[in-house]
Amino acid sequence: MGRWHPNARGRLEQAALELYGERGFEQTTVAEIARRAGLTERTFFRHFADKREVLFAGAGSLRELLVSTVASAPDSVGAIDAVVVALEAAGSLLQERRDYARQRQTIIAANADLRERELIKLASLASAIADTLRRRGVKDPAASLTAEAGIAIFRIAFERWVTDANEQDLPKLIRESLAELKALIAGDRRSLSATAHA
């Protein structure tokens, strides 16, 4: 029977981030990650399918949180507001791991394959949210538009959050991004209305 290693997953994650930052993602091997964590390669593969998964392992939990929060929103809440409540819930969880999020984002930004994987993850989240909105009775294209807008709001807020020096919290930045989008849409409606009356 193998030895039990407390918080092996966390140790592997930390070792991987350190090595990706020091040597680059491509140059880092699973063996090096395991060695840095004081564990074996076999232990690494018990927790992660490959070295990319260290950076994307939380995607399933994030999708679950977003879907369940949108699904449980009261019927009286509008579609975009239900999505933003879900994004704020995700933001609150991420808030506790800001340093990790910053390190992760730097690593992803430096690698084209990882950037592509991140875009696929975001598209998958948008698809899951759109499906949940449809189950709530939101028709297409509104369900798809709302889900995509929600993910855009999240992405812009997240980018500000990991690069901002002022240390604003992520849920607040998500709310601000929604407010900016609503103001933009309202402004476009006003200018369209003014053009129509001219």
R63: more than 20 Å from T146 (Cα to Cα) and not aliphatic (A, V, I, L, M), yes or no? no
Could you go through region 77-84 and let me know if any residue there is under 16 Å from the mean Cα position of the chain (by Cα) and surrounded by 14 or more Cβ atoms within 10 Å (Cβ to Cβ). yes
Given the condition within 18 Å of the chain's Cα centre (by Cα), in a helix (DSSP H, G or I) and within 23 Å of A71 (Cα to Cα), answer yes or no: does some residue in region 101-118 qualify? no
Please work out if G137 is outside any helix (DSSP H, G or I) and at pLDDT 90 or above. yes
Could you list, in sequence order, the residues of region 129-166 that are surrounded by fewer than 17 Cβ atoms within 10 Å (Cβ to Cβ) and of a type in the set (G, A, S)? G137, A142, A152, A165
Would a scan of region 45-58 turn up a residue that is closer than 26 Å to L125 by Cβ, touching a residue at least 60 places away in the same chain (Cβ under 8 Å), surrounded by fewer than 14 Cβ atoms within 10 Å (Cβ to Cβ) and not hydrophobic (A, V, I, L, M, F, W, C)? no
Filtering region 40-72 down to residues that are out of contact with any helix residue (DSSP H, G or I) (no Cβ under 6 Å at 6 or more places or on another chain), not in a helix (DSSP H, G or I) and not basic (K, R) yields A49, D50, A57, G58
Is it fair to say A157 is more than 17 Å from A59 (Cα to Cα) and in a helix (DSSP H, G or I)? yes
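The values are calculated or read from the model by the stated rules, or taken from the named source; none is laboratory data. The model shown is predicted, which means the values in this text are computed figures rather than measured ones. Please note: Cβ atoms are built from the backbone with ideal geometry, for glycine as well, and neighbour counts cover all protein chains shown.
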